[in-house]
């Protein structure tokens with residue numbers, strides 16, 4: 001037992017190092033002077049702090065429009081994913097219906113189609129309905145990407161809430177909707193928040209469909225992807241750092257909320 | 001007035017008959033216990049009365065009003081669940097007041113009723129806490145208080161004590177009994193624990209295989225089990241069944257007709273100095289106030305329960321006979337003949 005937990009700790013440390021070292025390197029390069037990005041050998045400690053690199057990045061034409069596009073698309077994705085995912089998850093958790101297993105498989109199957117195959121038909125379709133090069137269009141594709149996760153996680157969230165709580169609410173005068181709003185939703189909220197943030201991050205990080213489906217209204221990832229070729233190294237570091245930032249902040253802010261609330265742990 | 005009348009209620013689950021034509025009348029202010037082994041349909045019947053389950057056919061009336069197809073909130077019932085179902089994200093006070101708030105009762109009255117219900121269950125010091133900070137017994141009290149606070153016509157309790165430890169269960173049982181006698185709320189109580197049923201009920205409905213096999217006062221159910229199933233299910237240890245005519249004769253029991261099975265309670269077997277039916281004690285269990293002797297006659301198990309002294313030793317032969325008038329006779333289908 002004790003040995004097992006020591007191995008677990010070692011594994012956790014290894015994982016943390018694997019993830020943190022690149023982030024750290026990006027961080028010091030982005031926050032160091034221009035020359036530090038190309039310097040060799042690299043100093044592992046930030047010797048001089050400079051906002052030059054970030055400043056250059058942030059003043060670069062088009063960055064702020066791209067950031068704004070990314071935020072809008074990610075927000076839309078988040079809202080769509082929860083509005084569609086939560087009811088579907090609730091149905092999976094609470095009702096016995098024909099073809100439930102097939103439905104579950106189909107949900108996961110949506111992730112099995114490579115976007116590269118879907119890209120061309122999507123572009124022609126989007127052009128014909130006027131969604132091409134719009135925030136809404138990108139958000140819809142991102143929603144499709146985030147939905148399987150959103151549905152399956154919210155379904156397991158709802159399964160973790162005892163049915164009796166809902167039934168008790170019904171016997172105490174609630175309609176089905178009231179019981180959901182007053183009892184189920186508050187209890188599912190921490191998990192729902194996690195789902196929403198994850199949807200946000202999926203959209204924020206997605207490059208391919210955002211690049212293919214837009215021309216002028218690029219999201220930040222697509223914008224950076226397009227300008228990566230001709231940009232200097234320190235610019236790329238600054239862009240990378242800027243991309244990581246929201247996810248890190250989000251997860252840091254809500255982590256307490258995710259881990260425990262009212263003594264209930266969510267799966 | 002809130003008598004309950006159930007007529008020809010059937011429930012089918014995917015081809016499986018959970019309830020087969022149930023008829024049940026519960027009088028106003030009566031305490032009715034649905035008793036039976038797991039899978040007998042007792043919880044299904046209660047959930048149909050609550051409106052949490054829809055009957056396949058049949059009628060449910062509460063207080064003379066037909067309840068079929070009405071959702072739970074329109075039946076003016078309250079239910080206590082086996083796992084308490086106390087809302088974990090609300091304080092205890094909010095839990096108890098939940099039903100009244102849903103009925104849009106003014107705030108001052110809600111607070112007053114919450115206090116009253118909390119005092120009844122002795123949990124007024126816990127009102128500001130959350131369910132997570134309470135023990136199982138305290139949560140049980142909250143669940144009962146929450147049900148009582150709405151002033152229901154009918155109180156439904158689904159195995160409310162089965163998650164408590166033995167000592168607490170005993171304490172809660174007598175407290176519930178006193179409380180519900182004073183409140184005079186019509187109550188239906190589901191349990192598989194016969195002691196609980198015997199001690200709480202005005203009338204017990206014994207259920208078996210989706211049917212009510214006997215519906216009577218506890219003493220009657222115990223003394224005159226309507227079927228051999230009831231005799232074997234109620235009583236600890238259960239009733240002895242004797243098929244062999246010679247054994248019946250040795251016990252001094254005279255069958256009213258040939259070919260019947262004798263049912264006799266272990267405590268209705270008296271020890272004799274000699275004669276009667278000789279039994280060799282296989283296992284002797286000392287239970288403090290009494291001792292329980294297990295023996296075998298031919299193929300049949302025979303238990304007898306007798307006073308603690310003098311101690312009977314394993315292997316010792318005792319002579320027994322049936323107390324006059326205590327034997328019950330069952331036909332081949334297990335129905336009570338006499």
Any hit, the stretch A:170-177, residues being touching a residue at least 24 places away in the same chain (Cβ under 8 Å) and either in a helix (DSSP H, G or I) or away from every other protein chain (no Cβ under 12 Å) (or both):
no
Just a yes or no: is a residue in the stretch A:186-207 within 23 Å of the chain's Cα centre (by Cα), surrounded by fewer than 20 Cβ atoms within 10 Å (Cβ to Cβ) and outside any helix (DSSP H, G or I)?
yes
Give just the number: which of (1) assigned to a helix (DSSP H, G or I); (2) modelled with pLDDT of 85 or more does residue A:37 not satisfy?
(2)
The one condition residue B:14 fails out of (1) surrounded by fewer than 21 Cβ atoms within 10 Å (Cβ to Cβ); (2) within 14 Å of another protein chain (Cβ to nearest Cβ); (3) modelled with pLDDT of 90 or more is (3)
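Within the stretch A:150-169, can you find the residues that are within 13 Å of another protein chain (Cβ to nearest Cβ) and outside any loop (DSSP other than H, G, I, E, B)?
Restricting attention to the stretch A:150-169, the residues satisfying the condition of being within 13 Å of another protein chain (Cβ to nearest Cβ) are A:160-169.
Answer for the stretch A:150-169, where residues must be within 13 Å of another protein chain (Cβ to nearest Cβ) and outside any loop (DSSP other than H, G, I, E, B): A:163, A:164, A:165, A:166, A:167, A:168, A:169.
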Condition (residue is in a helix (DSSP H, G or I), touching a residue at least 24 places away in the same chain (Cβ under 8 Å), touching a helix residue (DSSP H, G or I) at 6+ places or on another chain (Cβ under 9 Å) and within 14 Å of chain B (Cβ to nearest Cβ)) applied to the stretch A:216-223: is it met by at least one residue?
no
Checking residue B:208 against (1) touching a helix residue (DSSP H, G or I) at 6+ places or on another chain (Cβ under 6 Å); (2) within 15 Å of residue B:333 (Cα to Cα); (3) not assigned by TED's automatic domain parsing to the domain that holds residue B:160, only one condition comes out false. Which one?
(3)
What's the number of the condition residue B:63 fails, among (1) in contact (Cβ under 8 Å) with a residue 24 or more places away in the chain; (2) surrounded by 22 or more Cβ atoms within 10 Å (Cβ to Cβ); (3) more than 19 Å from the chain's Cα centre (by Cα)?
(2)
Does residue A:137 satisfy the criteria of being at pLDDT 90 or above, over 28 Å from residue A:69 (Cβ atoms) and assigned to a helix (DSSP H, G or I)?
no
What do you reckon, is residue B:295 surrounded by fewer than 20 Cβ atoms within 10 Å (Cβ to Cβ) and under 30 Å from residue B:192 (Cβ atoms)?
no
Odd one out for residue B:8, checked against (1) in a loop (DSSP other than H, G, I, E, B); (2) loosely packed, with under 14 Cβ neighbours inside 10 Å
(1)
Report yes if residue A:160 is surrounded by 21 or more Cβ atoms within 10 Å (Cβ to Cβ) and within 18 Å of residue A:198 (Cβ to Cβ), otherwise no.
no
If you take just the strands (runs of 3 or more DSSP E) that sit entirely in the stretch B:232-338, which of them hold at least 1 residues that are touching a residue at least 60 places away in the same chain (Cβ under 8 Å) and within 30 Å of residue B:207 (Cα to Cα)?
B:240-242, B:261-264, B:300-307, B:317-322, B:328-330
Answer yes if at least one residue in the stretch A:192-201 is closer than 30 Å to residue B:105 by Cα and within 14 Å of another protein chain (Cβ to nearest Cβ), and no otherwise.
no
Just wondering, is there one or more residues in the stretch A:96-117 that are in contact with a helix residue (DSSP H, G or I) (Cβ under 7 Å, 6 or more places away or on another chain), assigned by TED's automatic domain parsing to the domain that holds residue A:218 and modelled with pLDDT of 90 or more?
no
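Output the number of residues of the stretch B:235-247 satisfying the condition of being within 23 Å of residue B:291 (Cα to Cα) and modelled with pLDDT of 85 or more.
8
The values are calculated or read from the model by the stated rules, or taken from the named source; none is laboratory data. Everything numeric here is computed off the predicted structure, so don't read it as measured data. A quick note on method: Cβ atoms are made from the backbone with ideal geometry, for glycine too, and the neighbour counts reach across all protein chains shown.
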